[in-house]
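Here's the structure we're looking at; comments come further down.
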Amino acid sequence: MVESEVRLLPDDDRSWRLEAYLRRNGYQAARRALTTMSPEAVVAEVCKAQLRGRGGAGFPAGTKWSFVPKDAAGPKYLCVNADEGEPGTFKDRLVLLRAPHALLEGMLIAAYGAGLRTAYVYVRAEYAGLAARLDEAIAEARAAGFLGGRVFGTGFGLEVVVHLGAGAYICGEETALLESLEGRRGQPRLKPPFPATVGLFGAPTVINNVETLAAVPQILARGADWFLGRGLPGDGGTRLFGVSGAVRRPGVYELPVGTPLRTLIEVHAGGAPDGRRVKAVIPGGLSAPVLLPDEIDFPLDVASLARAGSMLGSAGVVVIPDGTSMLDVLRLTARFYAHESCGKCTPCRIGTSWILKTVDRLRRDGGGPADLDHILRLADGIRGRTLCPFGEGAALPIRALILKFRGELEQAAAR
Amino acid sequence: MSYAPSPAALARIEKTMALYPEKLAAILPVLRVVQAEAGFISRDAEAWVAARLAVEPVRVREVLSFYTLFRRAPGGRATLQICRNISCALAGAEDILRFISEKLGIEPGETTPDGAITLVTAECLGHCDHAPCLQVDGVDHGPVTRETVAAIIEELKAHG
Amino acid sequence: MSGAGTVGLTIDGRPVRVPEGTNVLRAAGQAGIAIPHFCFHPGLEVEGHCRMCLVEIEGLPKLELSCATLVREGLSVRTSTERVRQARRDVLEFLLAEHPLDCPICDKAGECLLQDYYDLHGRHAGRMIEPRERREKKLAIGRKLILDRERCVLCTRCVRFLRAYTRTGELGIFERGLRSEVGIFEGRPVDNGYSGNLVDICPVGAITAEDFRFKTRAWFLAKRPSVCPHCARGCAVSVESVRGYPLADGVQRVYRITARENAAVNGHWICDLGREGRRDIEDGRRVRLLRQGAPASGLSWQAALTEVARALRQVPGPDRAERVAVVLNSRMTCEELDLAKRLFVSGPGSGRVFFADRRPGPADGLLLTADRVPNGRGVLEAGFEPRPADLDGLAASRVLLVFGTALAGLHDPREIARSFAAVPEKFLFAAHAGPLDKLVDLAFPVAVPAEKSGTYVNIEGIRQSFSRAFEPPRGVPAEGEILIGLVRSLGLSLGDLDAR
């Protein structure tokens, strides 16, 4: 576990207020950035720190900021993606619960670096209580002069609006988030143009995940080299790894990028409870292809997970114990994607539901190997054929479940 | 039957609309205010919101029906939202759901005949380290057991 | 075509050069390579969600949208690799899995993209064992439009058309995922002057026209190009009829009039008034020659013209300018107007020329113009100074020739009757029955614009020539034939007209 004085998350739910945050040297990084650094230097520092997006796609945050056109007239926006909804993921919730000011400070720095004056925090509907807390934190920060106009006596200011979603997983996809924020159905947009040039209300827009922004103050406080040194080359810092399912101590663990998956599960989360064994591990939220117990010996970083045939995604690790019916897991996976498909692209709209119908039929009437092949074919018909990554997110875990648990699934279906 | 929000709700609507450069952007918060007050969003309320946001009512229907939070018919005084995706499923969410369903005598999506409780399912409430979890009118509970759930229901019935 | 403003690329190994800003889908089309698509429509904003038009682009790992990819110099595109074909098959399989098998009773059958693409790119056996979604199959969504939600492929062309073009936005997409469906808000049906375009652009049989439903099959329809005569825009239209099934009086039955693309005039659309123009062809036609309002059986129009010629000749030459009155109209073609001018203004039958046309209506800011006649510009270009027909002026004449029925709509019927009663000899040439029929000595039937060839000059000065979409009923001439016949009956040839 990361030493407490440099932790992003305090241990308890009560230290979220400004006073406590200031005791942890809160807003010092933003003050330093705004009063002593140029916006370009801020962006360069974050680029150098190799801070990868913590939302799922893993795109370097500094690079994203650098795409915003400097000379564009009119408003530019920062959108914070707090639409955490990937099953098995609950890290951003902890940031909002325990460190809302770290998020606000990170937003301030990002906005300064990319030249943005207005921020919308898109919080999923299910986190309404946390949104209220964030509103309180914003009020505190405004009162202290950390938000609003002329922050730290500089010419820079940032207005922050908390916007609640209304129940749609797809709004976590950045362009769907923009559509939703603009008051339309949360359906992904065609890219290009990319949000950095044509985003919210047609203006240049940066969209960052909660945890990504909350990590930014550390970089400015201690330097890019320090941050990078805590993670891996190309993937800096610590991350918040959520562990749930069959472990003794489910929770969020703040650990260096590159911590071995097995260590996270067995050491930090305490491993499977007495008498249980690990049957499978989902390493990065439900969209991440499932791994077998002998496939978890690698470091947790974006590149390593991709090499392992899965993905780090939102770093929500779900440990599946023995005795779990993988047909049930397949069903809830299929149900999730059928339920959350926005319906825009043909393959995803019809394919996800067709898969669900097929799995339901297997459970109800039984079936054979051909039915599993059929599901694989349907997944292949979705994969790589949709506007947004949701299609991939639906197809890959379903494929992995069938490929890795084929024997069990065939048996369960044959009954 | 036409719809009009109360002065207090109208004030909240005006306030939220001021936060966006375009009226339509306020649709989710405005619908939320309408639903919080009326319990659901009627056809007339849709038309009212459309007029307020200066769009065709069909645009309101589009948005309303896309998101799971909104109701187009009255629901119970309390809403019980049961998480049932992977982490909660591994912790017995389906059993909890069945238990609640039997106890209330309703299926997910339905409301008890006395109008006290609406039961709905959720795909992931993001409370995976407290699985199985549920939300009662936005307040998290978890990990829950048959016993704690029974207590929650009694409480709701008593105060409903 | 090369150089500035154009881009060269390769599609399936064929070099193609197209204007900058063209998308790959259209560029391929210009090279004769059809890329299947549902949501793309050249008149609408690109959405890219049907996923049917995916192609391979050299250097890119995934299949790319040909609708959303603009051409770039040196781009190399492949549209028929196994990967592309598999993607098409998959999209078709998905769409067909949730599509009803009611082609035998579907009005779109025969011109349905889903059918066509299945034939070209699908040809798979159905693998859907699970039940399809059941949806509303006969939802009235306004203006004679019926929506079948089971057939809908959610291309959203209809929704986008109403938002971008008419800006009336009556349709939307409700729900999400597989439950997504097109709908209206209760009490706000599709109600604008361009609703028929929704039927044209629907790639499948989801939106059909109430007045076309179950009337015929698409493959029986002969689609003939014509120019719409119902306002001064002169939109390009297809007049669609079935050969061999005329109405009782020999008039061709027109099943529908649809939009034909003409970028310079109407783009991809036409208004509902133009579509309703089929009524102008079918309804109220008078295909018989009448004498004093009663059928003149056994008399051909050619023979009857000698009576017109005799009447004209009886007016002494010097008096003709004063005692012969001719009422023309702006539905006549440039060729007809030219003949009329040579005959009645400068020629042997010369007299006073008036015009009577349908009253103007409101322009709608899109295609429909205030002028409700197709050739007002042509009248001016022919050198006429159109004077409205005043009844006193007509009453003063000895011989009156009236082309068209519009006069009857412009004046009080009693005033018209009084005016006509004062004229010793009067003749009518009109396509439709009307109150004037009984007021004249002879009422000749004539063709409607769809039944003739000619040229119209539209409101912007664009000259459009068109050919007859189909034959007029037997024994019914066009005004042009009447005019030529009249020249002959006067014992002249066309050459004589200019000699005078």
Check: Which value in Å is the Kirkwood Rh of region A:238-279 over different Cα pairs?
Finding: 10.3 Å
Item checked: Per-residue Cβ neighbour rank within 10 angstrom, fewest leading, A:Asp135, A:Asp83 -> A:Asp135, A:Asp83
Next item on the list: Could you work out, for the protein assembly as shown, what percent of all Cα-Cα pairs fall into each 10 Å distance bin, beginning at 0 Å and stopping at the bin that holds the largest distance?
Entry: 2, 9, 16, 18, 16, 12, 9, 7, 5, 4, 1, 0, 0
Check: For peptide C:84-94, how many partner chain Cβ atoms fall within 10 Å of a residue's Cβ, on average?
Finding: 4
Next item on the list: Could you grab the Rg to Rh ratio for chain A? Cα atoms only, Kirkwood for Rh.
Entry: 0.98
Check: In Å, the Kirkwood hydrodynamic radius of region A:1-133 over pairs of distinct alpha carbons?
Finding: 16.0 Å
Note to self: Please enumerate, by chain and number, the aspartates and glutamates with C-alpha under 18 Å from the C-alpha of C:Lys215, excluding those fewer than 8 residues away in the same chain.
What the structure shows: C:Asp102, C:Asp107, C:Glu111, C:Asp148, C:Asp200, C:Glu240, C:Glu276, C:Glu282, C:Asp283
Next item on the list: Pull out a ≥ b ≥ c, the square roots of the eigenvalues of the alpha-carbon gyration tensor of region C:101-259, then state rounded if a/c is under 1.5, prolate if not and a/b is larger than b/c, and oblate in the remaining case.
Entry: oblate
Item checked: For region B:25-44 and region C:10-85, distance of Cα centres in Å -> 43 Å
Notebook entry, point to check: Tell me, what is the percent relative contact order of region C:382-453, built from C-alpha pairs under 8 Å that lie six or more residues apart?
Noted result: 29 percent
Next item on the list: Would you work out the relative contact order for region C:224-352, in percent, from Cα pairs under 8 angstrom that are 6 or more residues apart?
Entry: 16 percent
Item checked: DSSP beta bridge pairing in chain C, given as percent antiparallel to the nearest 5 -> 70 percent
Note to self: Testing the spin-label approximation: label points 7 Å from Cα along Cα→Cβ at A:Asp365 and A:Lys70. State their distance in nm.
What the structure shows: 6.5 nm
Next item on the list: State the antiparallel share, in %, of DSSP beta bridges confined to chain A, rounding to the nearest 5.
Entry: 40 percent
Item checked: Of every Cα-Cα pair in region B:112-160, the percent that sits beyond 14 Å -> 54 percent
Notebook entry, point to check: Which of the peptides A:299-305, A:148-154 is most tightly packed, and how do the rest follow, judged by the mean count of other Cβ atoms within 10 Å per residue?
Noted result: A:299-305, A:148-154
Margin query: I'd like the mean, over residues of C:184-192, of how many other protein chain beta carbons sit within 10 Å of each residue's own Cβ.
Written below: 3
Next item on the list: State the antiparallel share, in %, of DSSP beta bridges confined to region A:112-256, rounding to the nearest 5.
Entry: 55 percent
Next item on the list: Grab the beta carbon distance between A:Glu408 and A:Glu136, set R0 = 56 Å, and tell me the FRET efficiency rounded to 0.05.
Entry: 0.70
Item checked: Per-residue Cβ neighbour rank within 10 angstrom, fewest leading, A:Lys279, B:Lys15 -> B:Lys15, A:Lys279
Notebook entry, point to check: Are there any helices in chain A, counted as whole DSSP H runs, that stretch 15 Å or more along their axis by Cα and score at least -0.5 on average by Kyte-Doolittle, and if so which?
Noted result: A:100-114, A:128-143, A:210-222, A:326-340, A:369-382, A:390-404
Next item on the list: Summarise the long-distance tail of P(r) for region B:56-125 by giving the % of C-alpha pairs beyond 21 Å.
Entry: 36 percent
Item checked: Where only alpha carbons of region A:287-415 are counted, the Rg and the Dmax (Å) -> 14.4, 42
Margin query: Suppose each label sits 7 Å from its Cα in the direction of the beta carbon; what would the C:Arg313-C:Arg291 distance come out to in nanometres?
Written below: 1.9 nm
Check: Tell me, in nm to one decimal, what length is gained between A:Thr154 and A:Thr197 on full extension, where the rule is 0.36 nm per residue of separation less the Cα-Cα distance?
Finding: 12.9 nm
Next item on the list: Within 10 Å of each Cβ in peptide C:166-175, how many partner chain Cβ atoms are there on average? Round it to a whole number, please.
Entry: 5
Item checked: Most fluctuating residue given options B:Ser42, B:Ser65, B:Ser101, as computed from a GNM of chain B linking Cα atoms under 10 Å -> B:Ser65
Check: In terms of the ratio Rg/(2.2 N^0.38 Å) built on C-alpha atoms, what value belongs to region C:1-117?
Finding: 1.15
Checklist line | Phi-based couplings in Hz for region C:103-114 (Karplus 6.51, -1.76, 1.60; Gly and Pro marked x) | finding: 3, x, 10, 9, 5, 7, 3, x, 9, 9, 5, 4
Check: Can you give the Rg and Dmax of region C:419-500 based on its C-alpha atoms, in angstrom?
Finding: 15.6, 41
Check: Which of the aspartates and glutamates could be linked to A:Lys70 by a straight reach, that is with a Cα gap under 18 Å, when you skip same-chain ones fewer than 8 residues away?
Finding: A:Glu40, A:Glu45
Notebook entry, point to check: Which lysines, on any chain, are close to A:Lys279 with Cα under 20 Å apart, when same-chain ones fewer than 8 places away are left out?
Noted result: A:Lys404
Checklist line | Relative contact order (percent, whole number), chain A, Cα cutoff 8 Å, 6+ residue spacing | finding: 16 percent
Next item on the list: With N denoting the number of residues in chain C, provide Rg(C-alpha) divided by 2.2 N^0.38 Å, to two decimal places.
Entry: 1.18
Notebook entry, point to check: Dividing the Cα convex hull volume of region C:238-378 by residue count, how many Å³ per residue is that?
Noted result: 160 Å³
Checklist line | Cα-only Debye scattering, region B:15-160: base-10 log of I(q)/I(0) at q = 0.09, 0.16 Å⁻¹ | finding: -0.34, -0.87
Margin query: Students often get this wrong: which residues of region C:103-147 have the backbone nitrogen under 12 Å from the point 7 angstrom along Cα-to-C-beta of C:Arg213?
Written below: C:106-107, C:137-147
Next item on the list: Quick one: of C:Lys341/C:Lys426; A:Lys344/B:Lys23; A:Lys357/C:Lys138; A:Lys344/C:Lys144; C:Lys108/C:Lys223; A:Lys64/A:Lys344, which pairs are farther than 21 Å apart, Cα to Cα?
Entry: A:Lys344/B:Lys23; A:Lys357/C:Lys138; A:Lys344/C:Lys144; A:Lys64/A:Lys344
Checklist line | Label point distance in nm, C:Glu186-C:Asp390, each placed 7 Å from Cα along Cα→Cβ | finding: 5.9 nm
Check: What is the order of A:Cys388, C:Cys228, fewest Cβ neighbours within 10 Å to most?
Finding: A:Cys388, C:Cys228
Notebook entry, point to check: When you count, for each residue, the other Cβ atoms within 10 Å and take the mean per peptide, how do A:373-380, B:55-62, C:361-368 rank with the highest first?
Noted result: B:55-62, A:373-380, C:361-368
Note to self: Can you show me the helix-derived [θ] at 222 nm for chain C, built from DSSP H runs with n ≥ 4 at -39,500 (n - 2.57) apiece and divided by the number of residues, rounded to the nearest 500.
What the structure shows: -6500 deg cm²/dmol
Notebook entry, point to check: B:Ser2 to A:Arg117: FRET efficiency via 1/(1 + (r/R0)^6), r the Cβ-Cβ distance, R0 45 Å, to the nearest 0.05?
Noted result: 0.65
Notebook entry, point to check: What are the residues whose amide H is under 5 Å from the amide H of C:Ser195, where those residues sit 5 or more places off or on another chain and H is modelled from the backbone?
Noted result: C:Asp272
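Rule-based calculations on the coordinates, nothing more; no lab input. Quick caveat: nothing in here was measured; it's all calculated off a predicted structure. Methodologically, a virtual Cβ is constructed for each residue, glycine included, from the backbone with ideal geometry; neighbour enumeration extends over all protein chains shown.
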